[in-house]
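Right, one structure below, let's go through it.
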Amino acid sequence: MSSAKLVYEGKEFTLPVMEGTEKERAIDVRKLRAETGLVTYDDGYGNTGSCKSAITFIDGDQGILRYRGYPIEEVAERGRFTEVCYLLIYGRRPTLEELAAWRQKMTMHTLIHEDMKKFYEGYPPNAHPMAIMAAMVASLSSFYPDTDKDLDLNIIRILAKSKTLAAFAYKKSIGQPFVYPRNDMSWPANFLRMMFAVPAEEYEVPKAFEDAMNLLLILHADHEQNCSTSTMRMVGSSEANLYASLSAAICALWGPRHGGANQAVLEMLEELRASGEDYKSFLERVKKGDSKARLMGFGHRIYKNFDPRAKLLKTAADRIFDELGIHDPLLDLAKKLEEVALSDEYFVKRKLYPNVDFYSGIIYRAMGIPTDMFTVMFTLGRIPGWIAHYMEQRNDPDGYRIHRPRQIYTGETQRVFEDWGTKRL
Ligand code: SDX
(Lines give C-alpha, C1' and ligand atoms only; values in the text may rest on other atoms or scores of the structure.)
Protein backbone atom coordinates (compact mmCIF):
# COMPACT_ATOMS: atom_id res chain seq x y z
CA MET A 1 0.00 0.00 0.00
CA SER A 2 1.53 3.37 -0.98
CA SER A 3 1.29 6.42 1.25
CA ALA A 4 1.38 10.21 1.27
CA LYS A 5 3.35 12.37 3.65
CA LEU A 6 1.97 15.51 5.25
CA VAL A 7 4.33 17.93 6.95
CA TYR A 8 2.50 20.23 9.37
CA GLU A 9 3.94 22.46 12.09
CA GLY A 10 7.27 20.75 11.75
CA LYS A 11 5.86 17.25 12.16
CA GLU A 12 5.61 14.63 9.41
CA PHE A 13 2.50 12.48 9.12
CA THR A 14 2.08 9.45 6.89
CA LEU A 15 -1.34 8.88 5.36
CA PRO A 16 -2.25 5.65 3.55
CA VAL A 17 -3.19 5.86 -0.14
CA MET A 18 -6.05 3.63 -1.32
CA GLU A 19 -6.33 2.34 -4.89
CA GLY A 20 -9.45 1.14 -6.68
CA THR A 21 -9.75 -1.53 -9.36
CA GLU A 22 -9.47 1.17 -12.05
CA LYS A 23 -6.27 2.51 -10.42
CA GLU A 24 -8.01 5.58 -8.96
CA ARG A 25 -6.16 6.67 -5.85
CA ALA A 26 -7.29 8.46 -2.69
CA ILE A 27 -5.54 9.63 0.45
CA ASP A 28 -7.25 7.91 3.36
CA VAL A 29 -7.85 10.79 5.81
CA ARG A 30 -10.01 8.87 8.26
CA LYS A 31 -7.35 9.28 10.98
CA LEU A 32 -6.24 12.79 9.97
CA ARG A 33 -8.07 14.70 12.74
CA ALA A 34 -7.04 12.25 15.47
CA GLU A 35 -3.39 12.45 14.43
CA THR A 36 -3.07 16.10 13.36
CA GLY A 37 -6.15 17.94 14.67
CA LEU A 38 -6.80 18.96 11.07
CA VAL A 39 -9.88 18.30 8.94
CA THR A 40 -9.96 18.62 5.15
CA TYR A 41 -11.97 21.34 3.38
CA ASP A 42 -13.57 20.64 0.00
CA ASP A 43 -16.80 22.57 -0.67
CA GLY A 44 -19.01 20.63 -3.10
CA TYR A 45 -16.89 17.52 -2.40
CA GLY A 46 -15.19 17.89 -5.79
CA ASN A 47 -12.06 16.14 -4.50
CA THR A 48 -13.58 13.94 -1.82
CA GLY A 49 -14.46 10.26 -2.01
CA SER A 50 -17.41 9.56 0.28
CA CYS A 51 -17.45 5.80 -0.13
CA LYS A 52 -16.10 2.79 -1.98
CA SER A 53 -18.49 1.52 -4.63
CA ALA A 54 -18.57 -1.29 -7.18
CA ILE A 55 -21.67 -0.14 -9.03
CA THR A 56 -20.68 2.46 -11.65
CA PHE A 57 -17.34 3.61 -12.99
CA ILE A 58 -16.87 6.95 -14.75
CA ASP A 59 -13.69 8.26 -16.34
CA GLY A 60 -14.58 11.88 -17.06
CA ASP A 61 -11.47 12.57 -19.13
CA GLN A 62 -12.00 9.56 -21.39
CA GLY A 63 -15.79 9.86 -21.47
CA ILE A 64 -16.15 6.34 -20.05
CA LEU A 65 -19.27 5.13 -18.20
CA ARG A 66 -19.73 1.49 -17.13
CA TYR A 67 -22.47 -0.20 -15.11
CA ARG A 68 -20.93 -3.05 -13.09
CA GLY A 69 -18.08 -3.15 -15.63
CA TYR A 70 -20.29 -3.18 -18.74
CA PRO A 71 -19.72 -0.21 -21.12
CA ILE A 72 -22.80 2.01 -21.32
CA GLU A 73 -22.77 1.81 -25.12
CA GLU A 74 -23.25 -1.99 -25.00
CA VAL A 75 -25.79 -1.90 -22.17
CA ALA A 76 -27.78 0.79 -24.00
CA GLU A 77 -27.76 -1.13 -27.28
CA ARG A 78 -28.44 -4.64 -25.95
CA GLY A 79 -30.12 -4.24 -22.55
CA ARG A 80 -33.68 -3.85 -21.33
CA PHE A 81 -34.41 -1.50 -18.44
CA THR A 82 -35.82 -4.12 -16.06
CA GLU A 83 -32.68 -6.24 -16.54
CA VAL A 84 -30.44 -3.22 -15.92
CA CYS A 85 -32.31 -2.62 -12.65
CA TYR A 86 -31.36 -6.14 -11.56
CA LEU A 87 -27.73 -5.70 -12.71
CA LEU A 88 -27.24 -2.44 -10.80
CA ILE A 89 -28.93 -3.61 -7.60
CA TYR A 90 -27.67 -7.20 -7.37
CA GLY A 91 -24.30 -6.76 -9.09
CA ARG A 92 -24.70 -9.27 -11.93
CA ARG A 93 -26.91 -9.97 -14.89
CA PRO A 94 -29.78 -12.31 -13.98
CA THR A 95 -30.00 -15.72 -15.59
CA LEU A 96 -32.80 -15.90 -18.13
CA GLU A 97 -34.93 -17.75 -15.57
CA GLU A 98 -34.17 -15.15 -12.89
CA LEU A 99 -35.00 -12.39 -15.37
CA ALA A 100 -38.36 -13.97 -16.17
CA ALA A 101 -39.18 -14.26 -12.46
CA TRP A 102 -37.97 -10.70 -11.81
CA ARG A 103 -40.14 -9.28 -14.60
CA GLN A 104 -43.13 -11.32 -13.43
CA LYS A 105 -42.74 -9.94 -9.91
CA MET A 106 -42.42 -6.40 -11.30
CA THR A 107 -45.59 -6.96 -13.31
CA MET A 108 -47.58 -8.06 -10.29
CA HIS A 109 -46.72 -4.97 -8.23
CA THR A 110 -47.56 -2.12 -10.62
CA LEU A 111 -50.79 -1.07 -8.87
CA ILE A 112 -50.77 1.47 -6.03
CA HIS A 113 -53.18 1.17 -3.08
CA GLU A 114 -56.48 2.72 -4.10
CA ASP A 115 -56.32 4.99 -1.03
CA MET A 116 -53.20 6.63 -2.51
CA LYS A 117 -55.32 8.00 -5.32
CA LYS A 118 -56.98 10.30 -2.79
CA PHE A 119 -53.65 12.11 -2.32
CA TYR A 120 -53.71 13.20 -5.97
CA GLU A 121 -57.09 14.89 -5.47
CA GLY A 122 -55.61 17.36 -3.00
CA TYR A 123 -53.04 18.81 -5.40
CA PRO A 124 -53.75 21.88 -7.50
CA PRO A 125 -53.75 21.13 -11.27
CA ASN A 126 -50.48 22.99 -11.72
CA ALA A 127 -48.66 21.07 -8.97
CA HIS A 128 -45.18 20.17 -10.24
CA PRO A 129 -45.08 16.40 -10.74
CA MET A 130 -41.75 16.20 -8.89
CA ALA A 131 -43.51 17.46 -5.75
CA ILE A 132 -46.09 14.72 -6.23
CA MET A 133 -43.47 12.02 -6.86
CA ALA A 134 -41.46 12.94 -3.76
CA ALA A 135 -44.60 12.89 -1.61
CA MET A 136 -46.02 9.70 -3.07
CA VAL A 137 -42.76 7.76 -2.76
CA ALA A 138 -42.36 8.83 0.88
CA SER A 139 -46.01 7.84 1.46
CA LEU A 140 -45.32 4.28 0.28
CA SER A 141 -43.67 3.73 3.68
CA SER A 142 -47.11 4.29 5.25
CA PHE A 143 -48.62 1.50 3.16
CA TYR A 144 -45.62 -0.81 3.47
CA PRO A 145 -44.25 -0.19 6.98
CA ASP A 146 -42.35 -3.50 6.67
CA THR A 147 -39.93 -1.68 4.37
CA ASP A 148 -36.81 -2.88 6.15
CA LYS A 149 -38.12 -6.35 6.94
CA ASP A 150 -38.41 -7.35 3.29
CA LEU A 151 -36.22 -5.02 1.26
CA ASP A 152 -36.23 -7.22 -1.86
CA LEU A 153 -40.04 -7.07 -1.98
CA ASN A 154 -40.07 -3.32 -1.38
CA ILE A 155 -37.45 -2.81 -4.07
CA ILE A 156 -39.76 -4.62 -6.49
CA ARG A 157 -42.68 -2.52 -5.29
CA ILE A 158 -41.09 0.85 -6.03
CA LEU A 159 -39.54 -0.31 -9.33
CA ALA A 160 -42.99 -1.47 -10.42
CA LYS A 161 -45.08 1.35 -8.99
CA SER A 162 -42.86 4.31 -9.94
CA LYS A 163 -44.25 4.42 -13.49
CA THR A 164 -47.83 4.26 -12.14
CA LEU A 165 -47.20 7.11 -9.68
CA ALA A 166 -45.63 9.19 -12.47
CA ALA A 167 -48.32 8.53 -15.07
CA PHE A 168 -51.05 9.28 -12.51
CA ALA A 169 -49.34 12.59 -11.70
CA TYR A 170 -49.45 13.49 -15.40
CA LYS A 171 -53.10 12.45 -15.79
CA LYS A 172 -53.96 14.49 -12.71
CA SER A 173 -52.26 17.57 -14.21
CA ILE A 174 -54.37 17.37 -17.38
CA GLY A 175 -57.59 16.40 -15.62
CA GLN A 176 -57.90 13.04 -17.34
CA PRO A 177 -58.88 9.78 -15.64
CA PHE A 178 -56.05 7.53 -14.49
CA VAL A 179 -55.17 4.65 -16.83
CA TYR A 180 -54.29 1.45 -15.04
CA PRO A 181 -51.21 -0.64 -15.91
CA ARG A 182 -51.51 -3.78 -18.01
CA ASN A 183 -49.72 -7.06 -17.38
CA ASP A 184 -48.85 -7.83 -20.97
CA MET A 185 -46.54 -4.91 -21.73
CA SER A 186 -42.89 -4.02 -21.23
CA TRP A 187 -42.04 -1.49 -18.53
CA PRO A 188 -41.54 1.37 -21.05
CA ALA A 189 -44.64 0.53 -23.12
CA ASN A 190 -46.80 0.17 -20.01
CA PHE A 191 -45.69 3.59 -18.83
CA LEU A 192 -46.30 5.32 -22.17
CA ARG A 193 -49.74 3.73 -22.42
CA MET A 194 -50.66 4.90 -18.90
CA MET A 195 -49.51 8.37 -19.93
CA PHE A 196 -51.34 8.68 -23.24
CA ALA A 197 -54.24 6.21 -23.41
CA VAL A 198 -57.69 7.62 -22.79
CA PRO A 199 -60.74 5.50 -21.88
CA ALA A 200 -62.40 6.30 -25.21
CA GLU A 201 -59.57 4.85 -27.28
CA GLU A 202 -56.58 2.55 -26.90
CA TYR A 203 -53.11 4.01 -27.35
CA GLU A 204 -50.82 2.00 -29.59
CA VAL A 205 -47.32 2.55 -28.26
CA PRO A 206 -45.06 3.25 -31.27
CA LYS A 207 -42.12 0.80 -31.18
CA ALA A 208 -39.75 3.74 -31.78
CA PHE A 209 -41.06 5.39 -28.61
CA GLU A 210 -40.90 2.16 -26.58
CA ASP A 211 -37.28 1.68 -27.66
CA ALA A 212 -36.44 5.35 -27.01
CA MET A 213 -38.01 5.10 -23.54
CA ASN A 214 -35.97 1.97 -22.82
CA LEU A 215 -32.78 3.77 -23.90
CA LEU A 216 -33.55 6.88 -21.86
CA LEU A 217 -34.31 4.84 -18.74
CA ILE A 218 -31.08 2.83 -19.09
CA LEU A 219 -28.93 5.92 -19.70
CA HIS A 220 -30.31 7.58 -16.58
CA ALA A 221 -30.12 4.50 -14.36
CA ASP A 222 -26.98 5.36 -12.40
CA HIS A 223 -24.08 7.77 -12.34
CA GLU A 224 -22.04 7.07 -9.18
CA GLN A 225 -21.87 9.78 -6.48
CA ASN A 226 -23.90 12.57 -8.12
CA CYS A 227 -25.86 14.98 -5.95
CA SER A 228 -29.04 12.89 -5.65
CA THR A 229 -27.25 9.57 -5.20
CA SER A 230 -25.05 11.07 -2.48
CA THR A 231 -28.28 12.32 -0.91
CA MET A 232 -29.68 8.78 -1.04
CA ARG A 233 -26.58 7.49 0.73
CA MET A 234 -26.58 10.32 3.29
CA VAL A 235 -30.25 9.89 4.22
CA GLY A 236 -29.88 6.10 4.13
CA SER A 237 -26.88 6.35 6.48
CA SER A 238 -29.27 7.42 9.26
CA GLU A 239 -31.12 4.11 8.68
CA ALA A 240 -34.08 5.99 7.20
CA ASN A 241 -36.25 3.52 5.29
CA LEU A 242 -35.90 2.93 1.56
CA TYR A 243 -38.88 5.06 0.53
CA ALA A 244 -37.92 8.01 2.76
CA SER A 245 -34.38 7.93 1.32
CA LEU A 246 -35.73 7.75 -2.24
CA SER A 247 -38.00 10.71 -1.58
CA ALA A 248 -35.00 12.77 -0.45
CA ALA A 249 -33.06 11.77 -3.57
CA ILE A 250 -36.01 12.82 -5.75
CA CYS A 251 -35.95 16.25 -4.15
CA ALA A 252 -32.19 16.58 -4.74
CA LEU A 253 -32.61 15.61 -8.39
CA TRP A 254 -35.25 18.33 -8.89
CA GLY A 255 -32.73 21.17 -8.89
CA PRO A 256 -31.94 22.79 -12.30
CA ARG A 257 -28.22 22.24 -11.78
CA HIS A 258 -28.90 18.49 -11.60
CA GLY A 259 -31.86 16.52 -12.91
CA GLY A 260 -33.95 19.63 -13.43
CA ALA A 261 -31.56 20.58 -16.22
CA ASN A 262 -33.49 18.65 -18.89
CA GLN A 263 -36.54 20.81 -18.21
CA ALA A 264 -34.29 23.91 -18.12
CA VAL A 265 -32.75 22.97 -21.51
CA LEU A 266 -36.15 22.88 -23.21
CA GLU A 267 -37.22 26.11 -21.53
CA MET A 268 -33.95 27.69 -22.71
CA LEU A 269 -34.48 26.49 -26.30
CA GLU A 270 -38.13 27.53 -26.32
CA GLU A 271 -37.36 30.97 -24.88
CA LEU A 272 -34.53 31.45 -27.38
CA ARG A 273 -36.74 30.48 -30.31
CA ALA A 274 -39.67 32.60 -29.09
CA SER A 275 -37.46 35.64 -28.52
CA GLY A 276 -35.97 35.40 -31.99
CA GLU A 277 -32.57 36.18 -30.47
CA ASP A 278 -29.72 34.89 -32.58
CA TYR A 279 -28.19 31.84 -30.91
CA LYS A 280 -24.71 33.31 -31.30
CA SER A 281 -25.63 36.44 -29.37
CA PHE A 282 -27.23 34.22 -26.72
CA LEU A 283 -23.92 32.38 -26.34
CA GLU A 284 -22.14 35.72 -26.06
CA ARG A 285 -24.43 36.55 -23.10
CA VAL A 286 -23.64 33.16 -21.58
CA LYS A 287 -19.93 33.83 -21.90
CA LYS A 288 -20.31 37.25 -20.30
CA GLY A 289 -21.85 35.46 -17.31
CA ASP A 290 -25.22 37.16 -17.84
CA SER A 291 -27.14 35.86 -14.81
CA LYS A 292 -30.13 34.99 -16.98
CA ALA A 293 -28.05 33.05 -19.48
CA ARG A 294 -26.46 29.72 -18.80
CA LEU A 295 -26.09 27.04 -21.47
CA MET A 296 -28.22 24.45 -19.72
CA GLY A 297 -27.36 20.87 -20.61
CA PHE A 298 -23.69 21.81 -20.90
CA GLY A 299 -20.95 21.20 -18.38
CA HIS A 300 -20.37 18.48 -15.83
CA ARG A 301 -18.41 18.07 -12.63
CA ILE A 302 -16.86 14.81 -13.83
CA TYR A 303 -16.99 14.75 -17.63
CA LYS A 304 -14.29 17.01 -19.04
CA ASN A 305 -14.91 15.35 -22.35
CA PHE A 306 -18.13 14.24 -24.00
CA ASP A 307 -20.75 12.71 -21.72
CA PRO A 308 -21.15 9.34 -23.51
CA ARG A 309 -24.87 9.47 -22.78
CA ALA A 310 -25.21 12.74 -24.68
CA LYS A 311 -23.61 11.15 -27.73
CA LEU A 312 -26.00 8.18 -27.58
CA LEU A 313 -29.01 10.47 -27.13
CA LYS A 314 -28.03 12.74 -30.01
CA THR A 315 -27.86 9.70 -32.30
CA ALA A 316 -31.16 8.40 -30.90
CA ALA A 317 -32.87 11.76 -31.48
CA ASP A 318 -31.79 11.76 -35.14
CA ARG A 319 -32.95 8.14 -35.56
CA ILE A 320 -36.35 8.67 -33.93
CA PHE A 321 -37.04 11.88 -35.82
CA ASP A 322 -36.07 10.23 -39.14
CA GLU A 323 -38.16 7.15 -38.36
CA LEU A 324 -41.22 9.17 -37.45
CA GLY A 325 -40.66 11.88 -40.02
CA ILE A 326 -40.63 14.51 -37.29
CA HIS A 327 -38.84 17.82 -37.75
CA ASP A 328 -38.34 19.75 -34.53
CA PRO A 329 -36.77 23.22 -34.89
CA LEU A 330 -35.59 22.95 -31.30
CA LEU A 331 -33.37 20.00 -32.28
CA ASP A 332 -31.85 22.11 -35.04
CA LEU A 333 -31.34 24.95 -32.57
CA ALA A 334 -29.72 22.59 -30.02
CA LYS A 335 -27.33 21.30 -32.67
CA LYS A 336 -26.38 24.85 -33.70
CA LEU A 337 -25.70 25.81 -30.06
CA GLU A 338 -23.62 22.66 -29.60
CA GLU A 339 -21.64 23.25 -32.80
CA VAL A 340 -20.73 26.82 -31.88
CA ALA A 341 -20.05 26.05 -28.20
CA LEU A 342 -17.74 23.13 -28.98
CA SER A 343 -15.41 25.39 -30.93
CA ASP A 344 -15.67 28.45 -28.71
CA GLU A 345 -12.71 29.24 -26.43
CA TYR A 346 -14.94 29.95 -23.41
CA PHE A 347 -16.43 26.45 -23.46
CA VAL A 348 -13.29 24.69 -24.69
CA LYS A 349 -11.15 26.24 -21.94
CA ARG A 350 -13.66 25.21 -19.27
CA LYS A 351 -14.13 21.77 -20.86
CA LEU A 352 -17.86 22.28 -21.12
CA TYR A 353 -19.50 19.60 -23.26
CA PRO A 354 -23.12 18.53 -23.73
CA ASN A 355 -24.30 16.33 -20.85
CA VAL A 356 -27.10 13.79 -20.61
CA ASP A 357 -29.69 16.55 -20.25
CA PHE A 358 -28.88 18.39 -23.46
CA TYR A 359 -30.73 16.05 -25.84
CA SER A 360 -32.98 13.98 -23.56
CA GLY A 361 -35.70 16.61 -23.33
CA ILE A 362 -36.01 16.89 -27.11
CA ILE A 363 -36.74 13.16 -27.31
CA TYR A 364 -39.25 13.33 -24.45
CA ARG A 365 -40.94 16.22 -26.24
CA ALA A 366 -41.16 14.19 -29.45
CA MET A 367 -43.00 11.51 -27.47
CA GLY A 368 -45.51 14.10 -26.27
CA ILE A 369 -44.20 14.23 -22.71
CA PRO A 370 -44.64 17.75 -21.28
CA THR A 371 -41.60 19.70 -20.11
CA ASP A 372 -42.49 19.66 -16.42
CA MET A 373 -42.50 15.82 -16.55
CA PHE A 374 -38.92 15.65 -17.82
CA THR A 375 -37.29 15.46 -14.39
CA VAL A 376 -39.83 12.81 -13.42
CA MET A 377 -38.54 10.82 -16.40
CA PHE A 378 -35.02 11.21 -15.03
CA THR A 379 -36.35 10.00 -11.65
CA LEU A 380 -37.89 6.87 -13.18
CA GLY A 381 -34.55 5.97 -14.73
CA ARG A 382 -32.46 6.79 -11.66
CA ILE A 383 -34.50 4.89 -9.03
CA PRO A 384 -32.60 1.60 -9.58
CA GLY A 385 -29.28 3.41 -9.22
CA TRP A 386 -30.36 5.07 -5.99
CA ILE A 387 -31.55 1.70 -4.66
CA ALA A 388 -28.26 0.04 -5.65
CA HIS A 389 -26.25 2.58 -3.66
CA TYR A 390 -28.60 2.40 -0.66
CA MET A 391 -28.25 -1.40 -0.60
CA GLU A 392 -24.48 -1.32 -1.20
CA GLN A 393 -24.09 0.97 1.82
CA ARG A 394 -26.45 -1.13 4.00
CA ASN A 395 -24.69 -4.35 3.04
CA ASP A 396 -21.14 -3.02 3.41
CA PRO A 397 -19.24 -5.81 5.22
CA ASP A 398 -17.22 -3.11 7.02
CA GLY A 399 -20.46 -1.54 8.24
CA TYR A 400 -21.40 2.10 7.55
CA ARG A 401 -21.31 5.29 9.56
CA ILE A 402 -23.93 8.04 9.61
CA HIS A 403 -22.78 10.78 7.23
CA ARG A 404 -21.74 13.76 9.30
CA PRO A 405 -19.25 16.11 7.58
CA ARG A 406 -17.20 18.67 9.49
CA GLN A 407 -17.09 22.43 8.85
CA ILE A 408 -14.82 25.41 9.30
CA TYR A 409 -16.69 27.86 11.53
CA THR A 410 -16.48 31.46 10.31
CA GLY A 411 -19.10 33.06 12.54
CA GLU A 412 -18.88 35.32 15.60
CA THR A 413 -16.51 34.35 18.40
CA GLN A 414 -17.96 34.15 21.91
CA ARG A 415 -20.01 37.14 23.05
CA VAL A 416 -22.45 37.86 25.94
CA PHE A 417 -26.20 37.30 25.44
CA GLU A 418 -27.31 40.37 27.40
CA ASP A 419 -30.29 39.97 29.73
CA TRP A 420 -32.81 42.48 28.47
CA GLY A 421 -35.01 41.83 31.49
CA THR A 422 -37.43 44.76 31.87
CA LYS A 423 -36.03 46.59 28.86
CA ARG A 424 -38.31 44.52 26.57
CA LEU A 425 -41.22 46.55 25.18
C1 SDX B 1 -26.60 16.05 -14.28
O2 SDX B 1 -23.10 14.55 -11.17
C3 SDX B 1 -23.71 13.87 -12.10
O4 SDX B 1 -23.30 12.82 -12.51
C5 SDX B 1 -24.99 14.51 -12.61
C6 SDX B 1 -25.65 13.80 -13.76
C7 SDX B 1 -26.17 12.46 -13.35
O8 SDX B 1 -26.34 11.60 -14.24
O9 SDX B 1 -26.51 12.30 -12.16
O10 SDX B 1 -24.72 13.63 -14.83
C11 SDX B 1 -26.84 14.58 -14.27
O12 SDX B 1 -26.91 16.69 -13.31
C13 SDX B 1 -25.91 16.67 -15.47
C14 SDX B 1 -25.64 18.21 -15.27
C15 SDX B 1 -26.94 18.94 -15.60
N16 SDX B 1 -26.83 20.36 -15.29
C17 SDX B 1 -26.77 21.31 -16.24
O18 SDX B 1 -26.74 21.07 -17.45
C19 SDX B 1 -26.80 22.73 -15.70
C20 SDX B 1 -25.74 23.58 -16.42
N21 SDX B 1 -24.41 23.10 -16.00
C22 SDX B 1 -23.93 23.60 -14.78
O23 SDX B 1 -24.60 24.46 -13.98
C24 SDX B 1 -22.58 23.07 -14.32
O25 SDX B 1 -21.83 22.78 -15.43
C26 SDX B 1 -22.65 21.88 -13.41
C27 SDX B 1 -23.53 22.14 -12.22
C28 SDX B 1 -23.18 20.69 -14.14
C29 SDX B 1 -21.24 21.55 -12.94
O30 SDX B 1 -20.87 22.56 -12.10
P31 SDX B 1 -19.39 22.64 -11.46
O32 SDX B 1 -18.64 21.38 -11.71
O33 SDX B 1 -19.55 23.07 -10.04
O34 SDX B 1 -18.69 23.71 -12.34
P35 SDX B 1 -18.79 25.26 -12.08
O36 SDX B 1 -20.21 25.68 -11.87
O37 SDX B 1 -17.79 25.60 -11.04
O38 SDX B 1 -18.33 25.85 -13.51
C39 SDX B 1 -16.95 25.95 -13.85
C40 SDX B 1 -16.90 27.10 -14.86
C41 SDX B 1 -17.51 28.39 -14.31
O42 SDX B 1 -16.93 29.45 -15.03
P43 SDX B 1 -15.74 30.34 -14.27
O44 SDX B 1 -16.31 30.73 -12.91
O45 SDX B 1 -14.57 29.38 -14.16
O46 SDX B 1 -15.49 31.50 -15.18
O47 SDX B 1 -17.68 26.77 -16.02
C48 SDX B 1 -18.77 27.70 -16.13
C49 SDX B 1 -18.94 28.33 -14.76
O50 SDX B 1 -19.53 29.62 -14.90
N51 SDX B 1 -19.95 26.89 -16.51
C52 SDX B 1 -20.85 27.26 -17.41
C53 SDX B 1 -21.75 26.19 -17.48
N54 SDX B 1 -21.39 25.22 -16.62
C55 SDX B 1 -20.26 25.67 -16.01
N56 SDX B 1 -20.96 28.38 -18.17
C57 SDX B 1 -22.02 28.43 -19.01
N58 SDX B 1 -22.93 27.44 -19.12
C59 SDX B 1 -22.84 26.32 -18.38
N60 SDX B 1 -23.73 25.34 -18.51
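The values are calculated or read from the model by the stated rules, or taken from the named source; none is laboratory data. Values in this document were obtained by computation on a predicted structure and should not be read as measured data. Backbone-built Cβ (ideal geometry, glycine too); neighbour counts: all protein chains shown. We work out accessible area using only protein heavy atoms, side chains counted, and drop any ligands, DNA or RNA first. Shrake-Rupley method; radii C 1.70, N 1.55, O 1.52, S 1.80 Å.
Worth a mention:
- Protection proxy ranking, peptides 2-8, 303-309, average beta carbon neighbours within 10 Å, highest first: 303-309, 2-8
- Here region 102-151 and region 368-403 have alpha carbon centers that stand 16 Å from each other.
- Looking at region 189-334, the accessible area is 42 square angstrom per residue; that uses a 1.4 Å probe and ignores ligands, DNA and RNA.
- Other-chain or far-sequence residues with amide H under 5 Å of residue 4's (modelled H): 15, 17
- Cα shape, region 261-366, gyration tensor, a/c 1.5 rule: oblate
- Shape call, the chain: gyration tensor on alpha carbons, a/c limit 1.5: rounded
- Between 0 and 90°, nearest 10: helix 308-324 axis offset from the chain longest Cα axis: 10
- Each peptide in 346-354, 132-140 gets a packing score, the mean of other Cβ atoms within 10 Å over its residues, and the list from highest to lowest is 132-140, 346-354.
- For residue 298, nonlocal amide neighbours, meaning residues 5 or more places apart or on other chains whose placed amide H falls under 5 Å from its own, are 355.
- Extended-chain gain in nm, criterion 0.36 nm per residue less alpha-carbon gap, residue 104 and residue 324: 76.0 nm
- Stretching the chain fully between residue 285 and residue 394 yields a gain of 34.6 nm (0.36 nm per residue, less the alpha carbon separation).
- Theoretical FRET efficiency, 1/(1+(r/R0)^6), r = Cβ-Cβ of residue 182 and residue 95, R0 22 Å, to 0.05: 0.25
- Distance violations [Cα-Cα > 31 Å] among 171/287; 117/149; 288/311; 31/351: 171/287; 31/351
- Rounded to the nearest 0.05, the FRET efficiency derived from the C-beta distance between residue 26 and residue 315 at R0 = 35 Å is 0.50.
- For the pair residue 50 and residue 126 in one chain, pulling the backbone fully straight at 0.36 nm per residue adds 23.6 nm over the alpha carbon distance.
- Surface accessible to a 1.4 Å probe, residue 398 within the full protein complex, Å²: 120
- Computed E for residue 8/residue 257 - FRET, C-beta separation, R0 30 angstrom, nearest 0.05: 0.30
- When a 1.4 Å probe is rolled over the protein heavy atoms, the share of accessible surface on region 261-366 that falls to carbon and sulfur comes to 49 percent.
- Apportionment of accessible area to carbon and sulfur, region 2-85, percent (1.4 Å): 47
- For the peptides 413-421, 207-215, the ranking by mean Cβ contacts within 10 Å, running from highest to lowest, is 207-215, 413-421.
- The overall shape of region 92-158, judged from the alpha-carbon gyration tensor, is prolate: a/c is not under 1.5, and a/b is greater than b/c.
- 3J(HN,Hα) from dihedral phi, region 78-95, Karplus parametrisation 6.51/-1.76/1.60, rounded to Hz, x for glycine, proline: 10, x, 10, 4, 4, 5, 5, 4, 4, 4, 5, 7, 9, x, 8, 6, x, 5
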